[in-house]
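The block underneath contains the structure these notes are about, expressed in structure tokens.
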Amino acid sequence: MSVSPLEAVMTGAAMTFSNAALYSSAMYTYPAELYPTRLRGTGASWQYSLSRIGNTLWLTLLPLVLVWYGGLAMLTVTAVLAWTAALDIAILGPKASQTRLEVLSK
């Protein structure tokens with residue numbers, strides 16, 4: 001949807017920064033707190049591995065959405081999936097702040 005190379009680079013840089021700074025830190029910090037201490041390494045490793053597989057599939061299918069339906073459809077699908085994940089965590093995920101790890105990971 002960019003109209004110039006500079007706009008495409010700036011938008012890509014902003015999206016990459018927001019993904020790395022916000023999404024990644026939240027998605028890898030919160031789940032690790034859900035496992036008991038003795039299983040944290042295994043649980044976090046499995047969660048990360050499965051997320052990488054899902055990311056590979058997603059990045060394989062996303063260009064097809066762009067080609068078949070256009071840029072707006074691609075951004076809409078991305079936004080819907082992001083909101084779905086956020087609502088899933090907000091509704092189904094346990095509150096992790098100010099909760100002892102031993103209580104949270106039971």
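Taking residue 8, is it among the small types (Gly, Ala, Ser) and over 25 Å from residue 94 (Cα atoms)? Taking the combined requirement at face value, the residue satisfies it. Determine, yes or no, whether residue 48 is farther than 30 Å from residue 1 by Cα, at pLDDT below 80 and aromatic (Phe, Trp, Tyr). No; evaluated as a whole, the condition is false for this residue. Taking each residue of segment 39-67 that is within 18 Å of residue 77 (Cβ to Cβ) and free of Cβ contacts under 8 Å to residues at least 12 places away in the same chain and looking for partners that are part of a helix (DSSP H, G or I) and small (Gly, Ala, Ser) with beta-carbon atoms closer than 9 Å, six or more apart or interchain, yields 66/73.
The values are calculated or read from the model by the stated rules, or taken from the named source; none is laboratory data. Please read these numbers as outputs of a predicted model, since none were measured by experiment. Every residue, glycine as well, gets a Cβ built from its backbone with ideal geometry; the counts of neighbours run over all protein chains shown.
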